[in-house]
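**Q** One structure, pasted below without further comment.
Any read-out appearing in this document is the output of simple, stated calculations on the displayed coordinates, not a laboratory observation. These numbers were taken from a predicted model, which means no experiment stands behind them. Methodologically, a virtual Cβ is constructed for each residue, glycine included, from the backbone with ideal geometry; neighbour enumeration extends over all protein chains shown.
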C-alpha cells in the first residue's frame, strides 16, 4: 500500500511547497482553501491503494467558490489509468476512455497515457500560469448552421472561468518516493477561438 507514503505526505508536501514558494497573500489564501476542500472529497482516502503512479488535478474557482478534483491511478505497467475518480466519485474506466458506447474508442489521446502524464507533471513549475483549453465549439446539426450567438456566450463564460480558476497539480511516483506539486494561477488574458463542430462527424 502507498498509504504511509502518499496519504500522509500529500498535505505535508503541499504545506512545504507553500512555505517555499513566494506567493501573494491572495494566492496563499486560495491554496489554503484548496487544502481544506480536500477532506470533503475523500481525496486522501483514495490514496490507500497499491497503485504506483497517482495524478491529482485540483481546480478552485474564486467566482463561485467551486472546487473539483480529478484523480488518475496507474499501475507500473499501465498505459491508461486503472482507476479514475471525478469529483470524489469513482468513474467507470471503460466508459471514461470510450465514450458513446465505444464509438470514440479510437480517440485515446497521448496526453492520457502514463508516460506522457508523468513527464508533463514533472515539467510543471513550482508556481506557473495554469494551462487551459483554447477551443470553444460552435455546435451545429445536419439541418442547422453553427449557433454563433451561443458560441460567443460560451466563449465569454469560458474566459471568465479561466480568469478565476486556480489549479494544484500533484504527481505521486511511489517507485521513486517522489511527489511533484505545481500551484497554477489563472491566466489574465486567455486567447480563445471558436471552431464549428457537428456531432455527426463523430459517428
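**Q** Please work out the C-alpha center-to-center distance from the range 64-94 to the range 146-174 and express it in whole Å.
**A** Spelled out, the Cα-based centre of one part sits 19 Å from the other.
**Q** At a 10 Å Cβ-Cβ cut-off, how would you order 56, 162, fewest neighbours first?
**A** Lowest count first: 162, 56.
**Q** Calculate for the chain the 222 nm mean residue ellipticity that helices alone would give, adding -39,500 (n - 2.57) per DSSP H run of length 4 or more and normalising by residue count, nearest 500 deg cm²/dmol.
**A** Here the helix-only value at 222 nm equals -8500 deg cm²/dmol.
**Q** Write down Rg/Rh for the chain, rounded to two decimals, with Rg from the C-alpha atoms and Rh from the Kirkwood relation over Cα pairs.
**A** Rg/Rh for the chain comes to 0.99.
**Q** Residues of the range 63-88 with the amide nitrogen closer than 20 Å to a label point 7 Å from the Cα of residue 94, along Cα-to-Cβ, please.
**A** Counting backbone N atoms under 20 Å from the label point, the list is 73-75, 78-86.
**Q** Against the longest principal axis of the chain, how steep is helix 8-20, in degrees 0 to 90 to the nearest 10, with axes from Cα atoms?
**A** Once rounded, the angle reads 80 degrees.
**Q** Working from Cα positions, state the angle (0 to 90°, nearest 10) between the long axis of helix 148-163 and the longest principal axis of the chain.
**A** 20
**Q** What's the exposure ranking of 17, 148, going from fewest to most Cβ atoms within 10 Å?
**A** Listing 17, 148 from fewest to most nearby Cβ atoms yields 148, 17.
**Q** Between residue 187 and residue 70, what is 0.36 nm times their sequence separation minus the Cα-Cα distance? Round to one decimal in nm.
**A** Difference between extended and current length: 40.1 nm.
**Q** For the chain, find the longest principal axis of its Cα atoms and tell me its angle to the long axis of helix 25-37, 0 to 90°, nearest 10.
**A** 90
**Q** Next question. Let's test the formula: R0 of 41 Å, r as the Cβ-Cβ distance of residue 144 and residue 21. What FRET efficiency results, to the nearest 0.05?
**A** The value I calculate is 0.25.
**Q** Can you give me the distance in nm between label points at residue 126 and residue 28, each placed 7 Å from the Cα along the Cα-to-Cβ direction?
**A** For the pair residue 126/residue 28, the computed spacing is 1.6 nm.
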